[in-house]
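> This structure is in structure tokens; I'll ask about it shortly.
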Amino acid sequence: MAGGILLVFYLAAFRFRLFPRLLAGFGLSAVALQLASIGRPLFGREVVFPMLAPLGFCQLALALWLLIKGFRHEDPRAPTAD
């Protein structure tokens, strides 16, 4: 369930350029690794936990990028360019 949600999140981020495409592409590949690792028990294999680590690094990188970039503060009282 969570893997599907993250897949949609990173697909939307890649498509709409919500943050750098390199980071979104890394997130997509990390989610693919997670889904492959979690799906292994369906075929009689064990979960490979090191395959889950890239998604954790990606989530940390995204959090740091958002903290460094910050949020744009727009003054609602500012005149608009109509």
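The values are calculated or read from the model by the stated rules, or taken from the named source; none is laboratory data. Keep in mind that this is a model prediction, so the values were computed, not measured. Quick reminder, even Gly has a Cβ in these numbers, built from the backbone with ideal geometry, and neighbours come from all protein chains shown.
> Please specify each residue of the range 50-82 satisfying the condition of being farther than 25 Å from F19 by Cβ and modelled with pLDDT of 95 or more.
P50, the sole residue that qualifies.
> Can you tell me which residue is surrounded by the fewest Cβ atoms within 10 Å (Cβ to Cβ) among those in the range 18-27 that are in a helix (DSSP H, G or I) and among the hydrophobic types (A, V, I, L, M, F, W, C)? Spell out how you get there, then give the answer.
Going residue by residue through the range 18-27, those that are in a helix (DSSP H, G or I) are 21-27.
Going one step further and asking which of them are among the hydrophobic types (A, V, I, L, M, F, W, C), we end up with 22-24, 26.
Details: L22: 10, L23: 17, A24: 22, F26: 18.
Only one residue tops the list, namely L22.
> Just one of (1) at pLDDT 95 or above; (2) touching a helix residue (DSSP H, G or I) at 6+ places or on another chain (Cβ under 9 Å); (3) surrounded by fewer than 16 Cβ atoms within 10 Å (Cβ to Cβ) trips up I5, so point out which.
Only one criterion is unmet by I5, namely (2).
> Listed residues A13, A30; which is assigned to a helix (DSSP H, G or I), in contact (Cβ under 8 Å) with a residue 12 or more places away in the chain and in contact with a Leu (Cβ under 7 Å, 6 or more places away or on another chain)?
Selected residue: A30, the only one of A13, A30 that is assigned to a helix (DSSP H, G or I), in contact (Cβ under 8 Å) with a residue 12 or more places away in the chain and in contact with a Leu (Cβ under 7 Å, 6 or more places away or on another chain).
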